[in-house]
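Reviewing the structure listed below.
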Amino acid sequence: MEKIIEIKKISRTFGEFKALNDVSLDIEKGTIFGLLGPNGAGKSTLIKVLSCQMRPTTGSAFISGLDVVSDKKDVLSIIGVVPQENSFYDELTVTENLRYFGSLYGVAVIDIKKRSHRILDMLRLTEKSSSRASTLSGGMKTRLNIACALIHKPEVLILDEPSVGLDPVSRRALWDTIREVNREGTTILITTHYMEEADLLCSRILIMHRGNIIVEGEPEELKGLIGERVIQITSTPGNYRSIIDRPDFPDSVSSGGINEKGLKITLKDEQALQQVINIFESSGETIINVESNRPSLEDVFIHFAKEEWH
Ligand SMILES: Nc1ncnc2c1ncn2[C@@H]1O[C@H](COP(=O)(O)OP(=O)(O)OP(=O)(O)O)[C@@H](O)[C@H]1O
Ligand SMILES: [Mg+2]
């Protein structure tokens, strides 16, 4: 594998508080890499370190072999950063913004022109090229924000929660955009709180919490870690607590907990389902509905939340 991002034992403290705790990670070139974790996990801090906006307290990180601290200028020329707040200028037009960001990165005027065409086409902004940025819709503003980060043809594009505030259609358009940028050879690092987005978009996922890495892998691999099937059982009268507490409740079944629909369980092997159903029946419960699904990334997130975070 060709590593494009290497993170070696990065820690970042704010006073006594450790926002990143000895994080080590390699990201392969060409990946769409998703960074997940609850509020305060350290995602933005890690992104700030990688994009030279914040120095690590200890440890080091490299992008394409360049040190994010000592080779800052060179690193900035090969990464594009899409911050959560729009970085373009409202009073400039779409094209003027690209020209401005291009010159900021030292891109030759002729290359800015060529590349602007390509980027506006890819981000479906061509029609708006002479519109003032302030007049764009929210989804278009997000795309312009990405366009500005792409003008110097970065090797790595870093996006911090780009889909916040987008409607479902714009969000899907954003995914297509990210996929297309990725197909052009750009490695993507993205943070998101939307599990479905991470699942559909990312080829690898990292879940972090309180500055620590909890788990990392391909989405399917992570789902396989928690079990084969997630079963949702609804019954009447619905004394789910007493069912979980029964001594004959199989150990191989991990309870995802009681929710508004009933009892959610994760099965490591499918035979255990019959055992659980028998327990429901011998407890005087009448089963109304059973849903069986492959674990979702949300199930993975919640599973590790329960195991590691309490
Ligand atoms: N400049 C700072 N000064 C003090 N504490 C900070 C600073 N920046 C971040 N922190 C703390 O570090 C922790 C991690 O913050 P960070 O912004 O990286 O979280 P996050 O994973 O991006 O969360 P969110 O999902 O809410 O964006 C938080 O507890 C935060 O309060
Ligand atoms: Mg953040």
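Some notes on this structure:
- The slack in the chain from Leu92 to Ile110, taken as 0.36 nm per residue of separation less the alpha-carbon distance, amounts to 4.5 nm.
- Helix 168-183 axis, angle to the chain major axis (alpha carbon atoms, nearest 10°): 60 degrees
- Think of region 3-222 as a dipole: +1 on every Lys or Arg Cβ, -1 on every Asp or Glu Cβ, centred on the Cα centre; then among Ser170, Phe62, Ser77, Ser77 lies furthest on the positive end.
- Estimated Rh, region 228-294: Kirkwood, alpha-carbon pairs, angstrom: 11.6 Å
- Entry for region 3-222 at q = 0.13, 0.19 Å⁻¹: log10 I(q)/I(0) = -0.73, -1.44, Debye formula applied to identical alpha-carbon scatterers, no solvent contribution.
- Share of carbon and sulfur in the accessible heavy-atom surface of region 228-294 [1.4 Å probe, %]: 47 percent
- Selection of chymotrypsin sites (Phe, Trp or Tyr not before Pro), region 236-310, meeting DSSP coil and at most 14 other Cβ within 10 Å: Trp309
- With Cα atoms, 0 to 90° folded angle of helix 109-122 axis to the chain main axis: 30 degrees
- Accessible area in square angstrom per residue, region 3-222, 1.4 angstrom probe: 45 Å²
- The mean accessible area for residues of region 228-294, using a 1.4 Å probe and ignoring ligands and nucleic acids, is 56 Å² per residue.
- Among Asp22, Asp251, the order of accessible area from largest down is Asp251, Asp22, computed with a 1.4 Å probe on protein heavy atoms.
- For the chain, the longest piece that avoids every one of the GluC sites (Glu not before Pro) found in DSSP loops with at most 12 other C-beta atoms within 10 Å covers 92-183.
- Counting only Cβ charges, +1 for Lys and Arg and -1 for Asp and Glu, the dipole size of the chain around its Cα centre is about 1240 debye.
- Pairs from Lys3/Lys72; Lys3/Lys141; Lys73/Lys153; Lys223/Lys264 whose Cα-Cα separation, in the structure shown, is over 21 Å: Lys3/Lys141
- On region 3-222, 49 percent of the accessible area sits on carbon and sulfur atoms, based on a 1.4 Å probe.
The values are calculated or read from the model by the stated rules, or taken from the named source; none is laboratory data. Note that the coordinates shown come from a computational prediction; the quantities given were computed from them, not determined experimentally. Positions of Cβ are generated from backbone atoms using ideal geometry, with glycine treated the same way; all protein chains shown enter the neighbour counts. Accessible surface is based on the protein model in full, side chains and every heavy atom, while ligands, DNA and RNA are left aside. Shrake-Rupley method; radii C 1.70, N 1.55, O 1.52, S 1.80 Å.
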